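A short worksheet on the structure shown next.
The values are calculated or read from the model by the stated rules, or taken from the named source; none is laboratory data. Because the structure is predicted, anything quoted here is derived from the model rather than measured. Note that we place each Cβ from the backbone using ideal geometry, even for glycine, and neighbour counts take in every protein chain shown. Surface accessibility is based on the protein's heavy atoms, side chains included, excluding ligands, DNA and RNA. Shrake-Rupley method; radii C 1.70, N 1.55, O 1.52, S 1.80 Å.
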Amino acid sequence: MIQRLLLSSRPRRISSNNTLLDMKVIRPVLKHSPAAYLAKINLGTISGQQPTYKEYHLLFDTGSDTIWLQCEDCAKPGNRCFQQSSVPYPNRRSSSYEPLPCDQHQLCILGQCIGTHCSYSVEYDDGSYSIGILAFETLKFKSSHQREEMVRVAIGCGHQNEMKEFTGEAGVFGMSFGTRSFVNQVTGHSQGRFSYCLPPLTNDRFRQASTILRFGSDAPRITGLQRLSIRKDAGEPFYYVDLQDISINGRRLNIPSAYFAKTGFNKGGCIIDTGTGFTFISRPAYNILKQQMMQHLATADSSLRIGRSRGQLDLCYRRNPPFKGYNHLPTVSFHFAGGVNLMLQGDIAFVVWEGNRGREHVCMGISPTNEDNVSIIRALAQANHVFVFNLPTRVLYFGPRNCARNP
């Protein structure tokens, strides 16, 4: 998700407060939900139960910087909870829960407090939000060899929360450039490096697949991967990349690069974001892509009939039997500065499903942006590619991979 930002003071960067960690144990599992990927965390220290932690699934989000989840106080009068698959976090029962004192920690924003405690407030482009207490808490990880590691990080304990596009998560696992993101809170051990490889959400072969986040020296080798510069703009936590054009089945559309240019604070440009499923590009660029895609499909597959839009999916078709699935659907490639290309195969660029009236539905998984013309390459378009982020050098490495094999 894109975190909405204010031009205000930001928390300062701090050094890691964790002891030496084995990064091969710090491997959060990523599982799929219908439209996103969720990071599993084991949180807190609660006596009188086994295990002594609580398990939650948080939305894996490279487009925001705060780790937060709903806490038990969201149920108090005047506060707000959204429905989740488990109970809100019982922070009062955790002996490792430690609220940050107001205005006395580097991760606090001056004057942003609830009572005597440092607070946080995050809002996202879809209207989702969370407001609550910022606190240190313990995350616990266990390897397949039963080796355990504990990581102390600042999390948001949400009192007032709303999740508009609910996918089963209890909160958000922020992984952007921001100071409060998980990768930056453990940067002394991760060296600001992390990687992931997402199995497709829309392909039945990968429905049960899961994968892991890797950090530091545990990230895969970059040999053979493409190298793409990422940019951080002042006051924004996003991973900006220089998108220049798009092609269909290898044919360049010659979209003016100005349609992807950044035009101001939180306006324009192109970002890499895992927080939600479908990719969005600026409306002027999308209009060209849509027109060219319709022309291509009209000649490539005469069985397709134009249909109505489906939710966020703008360009959709229907097909009577015999169904063809992803056959005859073209590749879509994003072209970046320096000759770097991200190619989406047909089963990644499109969504195909059988409807309840004996018809097959085919939609392009790319839609126009609603505001500010920000182009967002989201989770579905990143599937079956390994991504390795190096934040200190501001470089992103990526390449095709079978992500069901958990690289």
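The set of residues in the range 298-342 being exposed (fewer than 14 other Cβ atoms within 10 Å of the Cβ) and either part of a loop (DSSP other than H, G, I, E, B) or hydroxyl-bearing (Ser, Thr, Tyr) (or both) consists of Thr299, Ser302, Arg308, Ser309, Gly311, Asn320, Pro321, Pro322, Asn327. Of the residues making up the range 186-208, those that are part of a helix (DSSP H, G or I), of a type outside the set (Lys, Arg) and either modelled with pLDDT of 95 or more or within 13 Å of Asn402 (Cβ to Cβ) (or both) number 1. Applying the condition of being open to solvent by less than 70 Å² (accessible area, probe 1.4 Å) and of a type in the set (Lys, Arg) to the range 224-264 and asking which residue is nearest to Thr62 (Cα to Cα) yields Lys232. Give me the residue from the range 343-386 that is open to solvent by 20 Å² or more (accessible area, probe 1.4 Å) and among the charged types (D, E, K, R) and, out of that set, farthest from Tyr286 (Cα to Cα). Selected residue: Arg357.
Within the range 312-329, not a single residue is in contact with a His (Cβ under 7 Å, 6 or more places away or on another chain) and closer than 27 Å to Lys267 by Cα. Kindly evaluate Thr211 against the criterion of being under 19 Å from the mean Cα position of the chain (by Cα) and at pLDDT below 95. When the stated conditions are applied, Thr211 passes them. Only a single item in (1) on the phi < 0 side of the Ramachandran plot; (2) in contact with a strand residue (DSSP E or B) (Cβ under 6 Å, 6 or more places away or on another chain); (3) in contact (Cβ under 8 Å) with a residue 24 or more places away in the chain is not met by Lys267, and it is number (2).
Going through Asp103, Asp65 one at a time, which residue ends up being under 23 Å from Arg214 (Cα atoms) and modelled with pLDDT under 95? Quick ask: steps written out before the conclusion?
Details: Asp103 fails: under 23 Å from Arg214 (Cα atoms).
Testing whether each residue is under 23 Å from Arg214 (Cα atoms) and modelled with pLDDT under 95 leaves just Asp65.
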